[in-house]
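Contents: one structure, followed by commentary.
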């Protein structure tokens, strides 16, 4: 069967345009099952609907699968919804009389609502490597197997959904030939490599445990490094992003770093860390530096003890200070995540955070005020009790939580003025940018 896979993500106003990793795994699974696969990447497209129409005609696709990464920009200060764009793409596929299937993180967040809003034929929530193949087999036989994990479909005037399959990426291979990686490697941070899926923590605003599993599933260190080696040899790519929301908390984190060092790949990489108690030490940052680590995002999210507790973070202020100091000691640059406005935030807690900013040796502050409310989170339940939102279906359109005890106008001004004092620290990123440039242009 001729299949067109579409990366529907067009949002480039972020530190890095993310490579559609999930799509590459699905592409490989489809090819292994004997399907002919064409990929349309809308990330750098000027006119996605018309390019989709042209691609459908050219490859004579019977089915088009859309990978939807984000519902919106998740920023109250720079709001933008992507759902209308997704709906336009589905409408274009319908005009060409092609069966449409939705997937990806944005779809999996609210699968039934997304299918209803866009008018797509089917969806696969969760991982699609097996389920999408099963759906195509079912369609080819002229029926519909309604037992497929993650399947979302219409029946008897209703939209029904099965529980998704979340199995991780151990022993799975990505189809890197499906994507033009050159466009992504022009930007800092390079190509994403999956280290682990799932999250064992319970941050009040985060839906990652629901989307990716509450039990982390790590890939084998040798498998990860072999994938990196393959991209170094075949594409000359030497800059990576290790995809793991809490890399340092992975039981195999040091194994991965040691394996990169042993392989002598001469690569650079960035990742995300959370200063959870007992998950960082001198050895971690020593290995991180030796392996080629340039930068990480530290997900502390607040410098107020009250707000750390309210956010259900797996760390306290001592952890944040200790982890930051170790990173600074080893010359590893990092960005400090700061979320303002959550439940219980007030003038006192906000001043506590801003008053402690000077003591954290970050290079870049990554601050947001107002927290995007996601379904299946403690924050959603809080917002519902307070009347901020009614049902989860309303969250298809972005809604943000801001504490009633916070003067938003005053808070924005205080945050802006305080963080502006530390804008000079961005100069610390110059060596990172230079090393990143060298990685992208190394033979």
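The values are calculated or read from the model by the stated rules, or taken from the named source; none is laboratory data. All of these numbers come straight from a predicted model, not from anything done at the bench. Using ideal geometry, Cβ is built from the backbone for each residue, glycine included, and neighbour counts are taken over all protein chains shown.
Name the residues in region 364-423 that are part of a helix (DSSP H, G or I), surrounded by fewer than 19 Cβ atoms within 10 Å (Cβ to Cβ) and in contact (Cβ under 8 Å) with a residue 12 or more places away in the chain, would you?
Selection gives 378, 392, 393, 408, 410, 412, 414, 418, 419.
Taking residue 174, is it part of a loop (DSSP other than H, G, I, E, B) and in contact with a helix residue (DSSP H, G or I) (Cβ under 6 Å, 6 or more places away or on another chain)?
Here the answer is yes, as residue 174 does meet what is asked.
Are any of the residues in region 94-102 crowded, with 23+ Cβ neighbours inside 10 Å and assigned to a helix (DSSP H, G or I)?
No, because not a single residue in region 94-102 is crowded, with 23+ Cβ neighbours inside 10 Å and assigned to a helix (DSSP H, G or I).
Within region 13-41, take every residue that is assigned to a loop (DSSP other than H, G, I, E, B) and touching a helix residue (DSSP H, G or I) at 6+ places or on another chain (Cβ under 7 Å) and give me the one that is farthest from residue 125 (Cα to Cα).
Of everything passing the filter in region 13-41, 17 is farthest from residue 125 (Cα to Cα).
So, in region 235-261, exactly how many residues are assigned to a helix (DSSP H, G or I) and touching a helix residue (DSSP H, G or I) at 6+ places or on another chain (Cβ under 8 Å)?
Matching residues across region 235-261 total 12.
Of the conditions (1) more than 23 Å from residue 183 (Cβ to Cβ); (2) assigned to a helix (DSSP H, G or I); (3) over 17 Å from the mean Cα position of the chain (by Cα); (4) touching a residue at least 12 places away in the same chain (Cβ under 8 Å), residue 76 clears all except one; give me its number.
(2)
Which residues, taken from region 194-221, are without any contact (Cβ under 8 Å) to a residue 60 or more places away in the chain and either outside the structural domain of residue 273 (by TED's automatic domain parsing) or assigned to a strand (DSSP E or B) (or both)?
196, 197, 217, 218, listed by residue number.
Checking residue 113 against (1) more than 30 Å from residue 403 (Cβ to Cβ); (2) in a helix (DSSP H, G or I), only one condition comes out false. Which one?
Going through (1) more than 30 Å from residue 403 (Cβ to Cβ); (2) in a helix (DSSP H, G or I) one by one, residue 113 breaks only (1).
Does region 122-138 contain at least one residue that is without any contact (Cβ under 8 Å) to a residue 60 or more places away in the chain, over 22 Å from residue 32 (Cα atoms) and either in a loop (DSSP other than H, G, I, E, B) or out of contact with any helix residue (DSSP H, G or I) (no Cβ under 7 Å at 6 or more places or on another chain) (or both)?
No: zero hits.
Among the residues of region 304-325, is any assigned by TED's automatic domain parsing to the domain that holds residue 254, within 23 Å of the chain's Cα centre (by Cα), at pLDDT below 95 and outside any helix (DSSP H, G or I)?
No: region 304-325 contains no residue that is assigned by TED's automatic domain parsing to the domain that holds residue 254, within 23 Å of the chain's Cα centre (by Cα), at pLDDT below 95 and outside any helix (DSSP H, G or I).
On the given criteria, is residue 183 touching a residue at least 60 places away in the same chain (Cβ under 8 Å) and in a loop (DSSP other than H, G, I, E, B)?
no
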